[in-house]
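Contents: one structure, followed by commentary.
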Amino acid sequence: MRIAALVVLLLTSPLVGQTEIGKFVPRGGEPDDWFGGSVDVVGRTAIVGAVRADRVDPGSAYLFNTTTGQQIARLTADDGGPFLNRFGGSVALSEELALVGAWGDDANGQNSGSVYVFDAQTGEQLRKLVPEEGQPQDQFGWSVAVKGDLALVGAWGDDTLGEDAGAAYLFNVQTGEQLAKLTAADGQAGDLYGISVVIGDFVGVIGAVGDDVHGEDTGSAYVVNLPDGSHRHKLVASESLEFSQFGWSVSMEGAQAAVGARLDDGLHARSGAVYLFDLHTGEQTDLVLPDHGAPQDGFGSSVSMHSHQLLVGARRADFNGRESGAAYVFDATTGEQVFELAPSD
């Protein structure tokens, strides 16, 4: 198998045209590393997870300069080993810090999970986040987001409200102190609350793809106030059906949130969809669909918002062959598609 790579695209302003400017390939990469399985970008720095790196699968993450393409550092856990830690399964980046989730870590029992905090400039490991109430199979670190001194970490396997009802934790990343444990006010077994998280200045959004709000696994997302963790709104798609998995991905910018439903019947059976919401009111403002799609594309598998643009991943689209994948850029204010992205090779 080929080593996966992350293709960097320059999106020119104002929302027209795109130019592929580089391709990240990690030094020392091996087959089946799954490099590119998680990614975040802040300024001129990118972090990329490789959850199956090192053959025995403890995982790695890499820091790159997005301008030069140069690899800055390779991040590994100082206590990692050949135990399928899944280090790199999730990543998040701020100006100063790099966070790497390891949902397979056994800090509180098998697959209880943890998150490692690194200096984003030097790659030095600074601390390790472990929840006070962690239990086996919690999958803490499956999702992670950071903003300033706050980190939001999902643990969809938490059983506080029932088996796999899920939870999320708020930490001070500068000190490692746990500030709050969040659960859904109406949470139930199988909700998978915490499968996705995103954090803003005063608010966070937490996905719960297993919520049966409109039928089995239709999914929902919760808007929470920070830093106290109180719930503000529950986001529910206007048109989602059973097994849509609304909440699989979440992103936000300002007062707008995007929520991916990767198995929604948007254009075709299980082609996927993305819904936009007003964070002040909790009201749905738009339904985003690609101009062209196909069944099982997985549109909405990943979402990211920046500068009034919405980037949506469709991991199973057939642009360059079966399930080669694609991404789409939309104007987040109008919901209109601007262009489709696929790597040149």
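The values are calculated or read from the model by the stated rules, or taken from the named source; none is laboratory data. What you are looking at is a predicted structure, and each value in this text was computed from that prediction instead of being measured. FYI the Cβ positions are ideal-geometry reconstructions off the backbone, even for glycines, and counts take in every protein chain you see. With ligands, DNA and RNA removed, areas are computed over all heavy atoms of the protein, side chains included. Shrake-Rupley method; radii C 1.70, N 1.55, O 1.52, S 1.80 Å.
Equivalent-ellipsoid semi-axes (√(5λ), Cα gyration tensor) for the chain, whole Å, largest first? The partial results should precede the final answer.
Values: eigenvalues 143, 133, 70 Å².
After diagonalising the Cα gyration tensor, the semi-axes are 27, 26, 19 Å.
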Cα centroid of the range 119-170 to Cα centroid of the range 253-320, whole Å:
25
Once you list every other residue whose beta carbon is under 9 Å from the beta carbon of ALA189, what net charge do they have if Lys and Arg are +1 and Asp and Glu are -1?
-4
So how far, in whole Å, is the C-alpha centre of the range 223-243 from the one of the range 83-110?
25
Report in % the part of the accessible area of the range 207-345 that belongs to carbon and sulfur, leaving out ligands and nucleic acids; probe 1.4 Å.
46
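Nearest 20 debye, what's the magnitude of the dipole of the chain about its Cα centre given +1 on Lys and Arg Cβ and -1 on Asp and Glu Cβ? Walk me through the intermediate numbers first.
Numbers: 19 positive and 48 negative charges, 203 e Å.
Here the size comes out at about 980 debye.
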Calculated FRET efficiency for the pair GLN110/ALA255, C-beta based, R₀ 35 Å, to 0.05:
0.30
Dividing the Cα radius of gyration by the Kirkwood radius, what Rg/Rh value follows for the range 196-345?
0.97
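Excluding GLU239 itself, what net charge comes from residues whose Cβ is under 10 Å from its Cβ, given Lys and Arg +1 and Asp and Glu -1? Intermediate values should be presented prior to the final figure.
On the way: positive: none; negative: ASP264, ASP265.
With Lys, Arg at +1 and Asp, Glu at -1, the neighbours total -2.
Considering only protein heavy atoms, what per residue accessible area in square angstrom results for the range 101-148 with a 1.4 angstrom probe? Mind showing how you got there, number by number?
On the way: 1860 Å² over 48 residues.
That works out to 39 Å² per residue.
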Which of VAL274, VAL130, GLY321 sits closest to the plus end of the dipole of the chain, meaning its Cα is farthest towards the positive end, when Lys and Arg get +1 and Asp and Glu get -1 on the C-beta?
GLY321
Global size of the range 39-173 as Cα Rg and Dmax, reported in angstrom
14.1, 48
Rounding to the nearest 20 debye, state how big the charge dipole of the range 147-291 is about its Cα centre with +1 on each Lys and Arg Cβ and -1 on each Asp and Glu Cβ.
360
Under 10 Å, Cβ to Cβ, from ARG270 - net charge with Lys/Arg +1 and Asp/Glu -1:
-1
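Per residue, how many Å² of accessible area does the range 175-324 show with a 1.4 Å probe?
Numbers: 6210 Å² over 150 residues.
Result: 41 Å² per residue.
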Which one of VAL146, ALA237, ALA342 is farthest out on the positive end of the charge dipole of the chain, using unit charges on Cβ (Lys, Arg +1; Asp, Glu -1) and the Cα centre as origin?
ALA342
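If N is the number of residues in the range 185-251, what value comes out of its Cα radius of gyration divided by 2.2 N^0.38 Å?
Numbers: Rg = 11.2 Å, N = 67, 2.2 N^0.38 = 10.9 Å.
Against the compact-globule rule of thumb, the ratio is 1.03.
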